[in-house]
Amino acid sequence: MTSAPSPNSATPLDSLDEVEDFYKTRYPDPSQPAPEPKPKVGHAPDKKETEFRNYEADARPTVREFYRLNHTFQTYEFGVEKRKQYLGLNRMQMGIWEAAEYLNQLVDDSDPDTDMSQLEHLLQTAEHLRKDGKPRWMILTGFVHDLGKILCLWGEPQWAVVGDTFPTGCAFSPKIVFPKFFEANPDTIDSRYNTKFGVYTEGCGLDAVNLSWGHDEYIYQVSKDYLPLPALYMLRYHSFYPWHREGEYGHLLNAQDREQLQAVKDFNPYDLYTKSHGKPDVKALRPFYEELIAEFFPAKIRW
Ligand SMILES: [Fe+2]
Ligand SMILES: [Fe+2]
C-alpha cells in the first residue's frame, strides 16, 4: 500500500525556472522554426510523430513530480481557503520596487552564473516590451507580472505558486498538461465539481471562476486598483495556458474575456522567450522603473 503524499513537504523543483523551461518546450515560440524531431533507430518517423512531441515523457522527473503534486492538491476548496488566507491583503505594505527586491531573496538551486534571478527576469521581460515600443502600462506589467511568487517566501509550496493554472470547481480539461495526475484529485470524483459547468454557469465569465491558486491571482488582486484592464488580464491569466494556448473553457467565457484574450496572448512571448537574451543591468535600469512605478502605483501598496 502506498501512503498518501504530503502536500507541504514537497519542493521537487531545484528552481522555479524549471517550470518555465518546461513551458518553452511544451509551448514553443510560434515565430521560430520547430526543432527537427530525433528519429528512433531503425524506425522512420511518420507524420504524426514529427508533428507531435511527447512533452510529458521528455519532462524532467522533478517537473513531473511538481505537476503530480499540483494536480493532486489544487482542489476547489484549497483555492477558496487560499483566497481567504491571502486576499485580505493585510500581511504587509510595500512598494513595487521593494517587492521586487523582496522577491529576489528567493534563493533556490538555480545556477547564478547562467540563470536569471527573479528581479532579472522581471526586468528582462519589461525591457523587451520597452524595446518593442509597447505602452508604458504594459512595460510596467512586465515588471510586476511575477511578483506574486513572494508566496514562496511565506511558506507556500511550489505547486501552490507556479505552474499552468486551470479552473477548479468544474471538470478538468484533458488538454491541461499531465491530465492523468488529476485522477488523484478528490474533485475528480466529487459530483459537485466534476461536470462540464460544475459550480459555474454558461458564460459566467472568468472573474467568477476560481482558477487553481498561484502567483497570477495574487499579483492581480494586489494590482487591480492601479493598472488598466488589459494589464490585469495579462497578470491574472499569464499562466492559464489551457485557455490562452489551448483554447479550452470557452463555455465559461463572457464577452470581456473574449475581447481581452489577445492581450494575454500578446504578453506571453515576452514572459517565455526573452530569457536567453543576456542579463539586464539592475542598477542602471532602476531609475527608469522607479519613475514608471510611481506613475501608476502609490509609494506603498497592500500585500
Ligand atoms: Fe509567472
Ligand atoms: Fe514570468
**Message:** Suppose we filter segment 116-128 for residues that are within 14 Å of ligand 1 (Cβ to nearest atom) and outside any helix (DSSP H, G or I); how many remain?
**Reply:** 1
**Request:** Give the residues of segment 98-115 that are part of a loop (DSSP other than H, G, I, E, B) and either at pLDDT 95 or above or out of contact with any Ser or Thr (no Cβ under 8 Å at 6 or more places or on another chain) (or both), sorted by residue number.
**Result:** Gln105, Leu106, Val107, Asp111, Pro112, Asp113, Thr114
**Message:** Suppose the filter is buried (at least 20 other Cβ atoms within 10 Å of the Cβ), more than 16 Å from ligand 2 (Cβ to nearest atom) and more than 16 Å from the chain's Cα centre (by Cα); does Tyr226 pass it?
**Reply:** no
**Asked** Residues in segment 139-152: is at least one within 25 Å of Leu206 (Cβ to Cβ), in contact with a Leu (Cβ under 8 Å, 6 or more places away or on another chain), of a type in the set (Phe, Trp, Tyr) and within 16 Å of ligand 1 (Cβ to nearest atom)?
**Response** yes
**Request:** Could you run through segment 116-136 and say how many residues are within 14 Å of Leu272 (Cβ to Cβ) and more than 11 Å from ligand 2 (Cβ to nearest atom)?
**Result:** 2
**Fill in**
By residue number, the members of segment 157-192 that are among the acidic types (Asp, Glu) and crowded, with 22+ Cβ neighbours inside 10 Å are Asp164
**Request:** State all residues of segment 116-137 that are surrounded by 16 or more Cβ atoms within 10 Å (Cβ to Cβ) and over 18 Å from the mean Cα position of the chain (by Cα); if no residue qualifies, say none.
**Result:** Glu127, His128, Leu129, Arg130, Lys134, Trp137
**Request:** Output the helices (runs of 4 or more DSSP H) that fall wholly within segment 40-97 and possess 1 or more residues being polar (S, T, N, Q) and either farther than 30 Å from Leu153 by Cβ or at pLDDT below 85 (or both), or say none.
**Result:** 47-51
**Prompt:** Do the conditions hold for Pro269, that is, is it assigned to a loop (DSSP other than H, G, I, E, B), within 16 Å of ligand 2 (Cβ to nearest atom) and over 24 Å from Arg83 (Cα atoms)?
**Reply:** no
**Message:** Regarding segment 203-225, can at least one residue be identified that is without any contact (Cβ under 8 Å) to a residue 60 or more places away in the chain, assigned to a helix (DSSP H, G or I) and of a type in the set (Lys, Arg)?
**Reply:** no
**Asked** Looking at (1) surrounded by fewer than 20 Cβ atoms within 10 Å (Cβ to Cβ); (2) of a type in the set (D, E, K, R); (3) within 16 Å of ligand 2 (Cβ to nearest atom), can you tell me which one Asp216 breaks?
**Response** (1)
**Message:** Kindly evaluate Asp225 against the criterion of being out of contact with any Gly (no Cβ under 6 Å at 6 or more places or on another chain) and within 16 Å of ligand 1 (Cβ to nearest atom).
**Reply:** no
**Request:** For segment 129-150, indicate whether the set of residues that are in contact (Cβ under 8 Å) with a residue 60 or more places away in the chain, more than 25 Å from Phe267 (Cα to Cα) and outside any loop (DSSP other than H, G, I, E, B) is non-empty.
**Result:** no
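The values are calculated or read from the model by the stated rules, or taken from the named source; none is laboratory data. Note that the structure is predicted; figures quoted are calculated from it, not measured. Positions of Cβ are generated from backbone atoms using ideal geometry, with glycine treated the same way; all protein chains shown enter the neighbour counts.
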